[in-house]
Structures are given as C-alpha cells and as structure tokens.
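Enquirer: Structure in structure tokens, see below.
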Amino acid sequence: MKLIRKSCFLLTLLALLLSAGSCGQSASVSPSAGSSFAVHYIDVGQADAALVACDGHYMLIDGGNADDSDLIYAYLENQGADHLDYMVATHAHEDHIGGLSGALNYAAVDTAFSPVTDYNSKIFGNMVKYLDQQDKSLTVPKPGDRFSLGSAQVEILGPVKEYDDPNNTSIVLRVDYGDTSFLFTGDMETTAEADLLDSGANLDADVLKAGHHGSDTSTGYRFLREVMPEYAVISVGKDNKYGHPSDTVLSRLRDADVEVYRTDMQGTIVAESDGNAVTFRTEKAAAATNPTQPAEPGYVGNSGTMKFHLPDCASAKNVKAENRVEFSSRQEAVSNGYEPCQRCKP
C-alpha cells in the first residue's frame, strides 16, 4: 500500500525528482513477546515535546517552553517515567528546551543530547545547571550514532553540516520499532533538509513529526517525498501569531495522502505500535467519549509540585490521583502554600 501511494505521489512531482536519491531501510528487529511501544506527542502549545516509551525505557525529545516545566514534570510523573535513558534537546530555542528543567527536576537522566554544549540564553543555562546537579553534561551526537531503547532502535541522522541558524542545527533522529518507524526533525528547515537528503540518510518513516510546527520553511516537497509518511503530527498552539501550520504545508501533506494529527485541535496525541501497524489516540477524542464525568473543581493542586492550576490546564489533567488536591477558590490554594501555574496563570 505504501509503495502504491509513493508511486502516485512521484508522478505528480516528476519535475522535483531528478536530483533525489534514497537508501534502503535496514532490516527491522522484531519486538519480543510482551513488548510495548508508544510516542506521546505532548500538547505544549506553540512548542515541542515528545516522550518515547518502550518496554519501560523512556526518551524525552524536547520539553516545550519554560512555562511548560510543571506540565512536563506532571506528565512524566503520570507516566511513571522517573528515569530517562535519553533526553534530546533538538536545538537551543526556548520552545524546545524550556520545559526540560521540569523533566530534570523529576527524572534522572542517563544521556542528554544537544547539537551544542553552550548557548547564550538563561533557559539553556538552566538546563545545563540541572544536568550538573545530576553530574551529567551535554553530549553532541554524530550522524550514524545508534542506540537501543528497549526493543526499539534509534539512529541519529543529522545535522550533517554546521549552520548559523539554530533551527537548522536541529538533531534529526529516527526511531524504529519492528516494521514501524518515527521521524523527528526539530525545527530543521529546507536548507538542512536538502543537505540531509544529499547525505543519503534513510528518512523512510511511517510517522513524521512535522518540522518547525508546520511552518512553510520546513517539510519541503523533496523531503516529504523521501520520508513518504502515512501520518504526520504537528505540534502547534491554537491561534498562534505565526500562522502555523502553514496552508502550504497542509497542502503538501494532502498531496502526499498523509493523515494529519494536530495538538492544537486534538491535544496530546499518542501513537502506539505493535511492530506492524501504528494506531493513534488523542486527548480530546478521549474526553469526548466520557461526557458524564463529574464537573471540574474550581482549582486543581499538585501536592508533588505545590502548584495549582485551572481545571482545563494540561498540567492539571496530568496530576497523579494521589497528588491531586481540589480547591474551591484561588485564595484557598494560596493559603495552603500552593503557587499558581505559570502556564495557565490561575
């Protein structure tokens, strides 16, 4: 089926194919009995964060803005991910690394990847500070580096050159689980996409995390033709000032017959694989199937973080049951020593 879709798409883009090339996908490793795999594309608004979980092993790819620190802390807590085998800061911009401080305050990290070890921003400095507290430092990976995450295999694909624009320095990686694959590109733009294509990297993937929140500076036709995903996930904020996702990119994805999921419309998106096929479940679709749930309290507190939230805040929805405290008023929360969430600002 994928080959048929790919052939149809190639015919419509014949003029763009003359300079393209690809390499075949390496042999897949079948998951063991009882294995499980999921990618959680966490709704962090106009930002990026994804948690890859496989057989009790975890990799966090980006962590949203600084205001998302509480959300990331709560999400990891809710998933029981108090140990991260890998943490990936795809590049140094705040909307990708700001909330990693929350992750580092909750979870122990074995290896932390970044395309740079130094960057002139307070947010980057905070990430390094919390890594220092765990006696860890940033590692700059190289294209071709490979490692396991449970039964899944991860390969670093890029960047393949040095760039002045931090977006193009984004770490690009593919996660393979059985016969399914997931591609992450950070905010890589078309210049770096072209260099990556020319390097001969294997970009074939079933699920693409669309680059740069669906900006028309990313997910070019030639790149999309090589990846040829069945699904794309766009991490983007509702009514954001940038106009993401671009109508141009959405058109490209339609032309390629790609099914699109968006965090601004569907909230947190979870892609699960059995090694042969990928299925999706979304936060807002799940909520719609349970209309009889009790009314939300006035405010929701998290006794683990000592923060309180509006009921519809993503952080509130991820508070573990044993840490959940309900307040009827803002004053009640403050008088009990809780601080307001910086994301929903209750």
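Enquirer: Quick check, is G211 within 25 Å of G64 (Cα to Cα), modelled with pLDDT of 95 or more and of a type outside the set (A, V, I, L, M)?
Expert: Against the criterion (within 25 Å of G64 (Cα to Cα), modelled with pLDDT of 95 or more and of a type outside the set (A, V, I, L, M)), G211 qualifies.
Enquirer: Limited to region 248-287, what total is found for residues that are part of a helix (DSSP H, G or I) and under 30 Å from S36 (Cβ atoms)?
Expert: 10
Enquirer: Which of the residues that make up region 143-163 are part of a strand (DSSP E or B) and aliphatic (A, V, I, L, M)?
Expert: L149, A152, V154, I156, L157, listed by residue number.
Enquirer: Mind listing just one residue for me: the one in region 29-67 that is among the acidic types (D, E) and buried (at least 24 other Cβ atoms within 10 Å of the Cβ) and, of those, farthest from the chain's Cα centre (by Cα)?
Expert: Looking at residues that are among the acidic types (D, E) and buried (at least 24 other Cβ atoms within 10 Å of the Cβ), I get D43.
Enquirer: If we keep just the residues of region 122-164 that are touching a helix residue (DSSP H, G or I) at 6+ places or on another chain (Cβ under 6 Å) and among the aromatic types (F, W, Y), which is farthest from L51 (Cα to Cα)?
Expert: The extreme case among them is Y163.
Enquirer: Hey, could you check region 261-295 for residues that are surrounded by 13 or more Cβ atoms within 10 Å (Cβ to Cβ) and touching an Asp or Glu at 6+ places or on another chain (Cβ under 7 Å) and say which is modelled with the lowest pLDDT?
Expert: Among those residues, the one meeting the criterion is E283.
Enquirer: How do the strands (runs of 3 or more DSSP E) wholly within region 164-232 filter down when requiring 1 or more residues that are under 15 Å from G144 (Cα atoms) and either of a type in the set (D, E) or more than 20 Å from the chain's Cα centre (by Cα) (or both): which remain?
Expert: 172-177
Enquirer: Now for a separate question. For region 236-247, does any single residue satisfy the condition of being assigned to a helix (DSSP H, G or I) and either closer than 18 Å to T282 by Cβ or in contact with a strand residue (DSSP E or B) (Cβ under 6 Å, 6 or more places away or on another chain) (or both)?
Expert: For region 236-247, residues assigned to a helix (DSSP H, G or I) and either closer than 18 Å to T282 by Cβ or in contact with a strand residue (DSSP E or B) (Cβ under 6 Å, 6 or more places away or on another chain) (or both): absent.
Enquirer: A follow-up question, please. Being in contact with an Asp or Glu (Cβ under 7 Å, 6 or more places away or on another chain) and part of a helix (DSSP H, G or I) is the filter; apply it to region 307-340 and report the residue that is surrounded by the most Cβ atoms within 10 Å (Cβ to Cβ).
Expert: Going through the qualifying residues, I end up with S315.
Enquirer: Something else: Looking at (1) at pLDDT 95 or above; (2) within 21 Å of D62 (Cα to Cα), which is the only condition L250 fails?
Expert: (2)
Enquirer: Same structure, new question: For the structure I just gave you, tell me whether E226 is farther than 25 Å from A314 by Cα and surrounded by fewer than 23 Cβ atoms within 10 Å (Cβ to Cβ).
Expert: yes
The values are calculated or read from the model by the stated rules, or taken from the named source; none is laboratory data. Quantities reported herein were computed from a predicted structural model and do not represent experimental measurements. Note that we place each Cβ from the backbone using ideal geometry, even for glycine, and neighbour counts take in every protein chain shown.
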